[in-house]
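Chemist: Shown below is the structure under consideration.
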Amino acid sequence: MSNEFRWNYLMDMDGVLVREEHLVPGADAFVAELRENGTSFMVLTNNSIYTPRDLRARLLRTGLDIPEESIWTSALATARFLEQQRPGGSAFVVGESGLTTALHNIGYVLTDRDPDYVVLGETRTYSFEAITRAIRLVENGARFIATNPDEKGPSREGSLPATGAVAALIERATGRAPYYIGKPNPLMMRSALRALGAHSENTIMIGDRMDTDVRSGLEAGLQTVLVLSGISARDTADLFPYRPTRVLGSVADLVGSTANPFEGMQADLL
């Protein structure tokens, strides 16, 4: 391997760096090593509720110092996609500030009168009126976009319905399926790579889910690491027809080797 070669990192947030708003042990040392070495990295989340500024503040409370510009959400990926597809367009949004801010920042008009798109994101305040309006707009020709396909999310009291579950309701009512932007769509990875200024051939995706993190990393041409600090167990990878490059207990196992995480494997990878 050339001395010039440097790995970049994309990493999921929940289950990789934090779990139920508590720090994954060793995640702070991992992030500190990346920053000390000048390694480029981006933290990813399918959650579209929060802006990067909000997420930075939440991560700081766990002890992780992540710059705003190193946080990429499905809301930002959705905004970038819409800006490329239909610049200066309009949307009816069912979602919260992370999504509405991202769309405002690309110059989109948010309206319920003949919008180009209905954009569904994560929210804790779904209303019957808003969902009904979304259904009618889709029936009348608005294109249907959803930030991510996750059907449920965790809470201290149990599961919560997430974007994918509400999208399924709208799809059943209209017969129109949404286009999902977030993981496992590799668009999420590619938009994060562009924001990072990195290339797939020297970038690693770290995640705790095979069906979203590892799959989207593979489909975007990245090396992948499955960590067992979140939803996956040690035998999880065997349940899928594809495999990650490595399986580790957590990102703490990469501390001390972030510059060369595949030592002894490079001949197979590069």
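Quick note: the coordinates plus some simple rules give every number you see, no bench work behind them. Only a predicted model underlies this, so the values are computations on that prediction, with no experimental measurement involved. A quick note on method: Cβ atoms are made from the backbone with ideal geometry, for glycine too, and the neighbour counts reach across all protein chains shown.
Chemist: Distance between Cα centroids, region 38-112 to region 194-249: provide it in whole Å.
Modeler: Between the Cα centres of region 38-112 and region 194-249 lies a distance of 22 Å.
Chemist: Which entry is the computed semi-axes √(5λ) of the Cα gyration tensor in Å for this structure: (1) 38, 33, 18; (2) 27, 20, 19; (3) 33, 19, 18?
Modeler: Correct label is (3).
Chemist: Restricting to Cα atoms and excluding each atom paired with itself, what does the Kirkwood estimate give for region 136-212 in Å?
Modeler: The Cα-based Kirkwood calculation yields 14.5 Å.
Chemist: Can I ask one more? With the crude spin-label approximation of a point 7 Å out along Cα→Cβ, what separation in nm comes out for D238 versus S97?
Modeler: So the label points at D238 and S97 sit 4.7 nm apart.
Chemist: Show me the ranking of peptides 212-225, 191-204 by mean Cβ neighbours inside 10 Å, starting with the highest.
Modeler: Ranking the peptides 212-225, 191-204 by packing returns 212-225, 191-204.
Chemist: Work out the charge dipole of the chain with +1 on the Cβ of Lys and Arg and -1 on the Cβ of Asp and Glu about the Cα centre, then indicate which of H199, M189, T147 is farthest towards its positive end.
Modeler: Final value for the positive-end residue is T147.
Chemist: Next question. What trypsin sites (Lys or Arg not before Pro) does region 51-131 have in DSSP loop regions with at most 13 other beta carbons within 10 Å?
Modeler: Listed in order of number, the matching sites are R113, R124.
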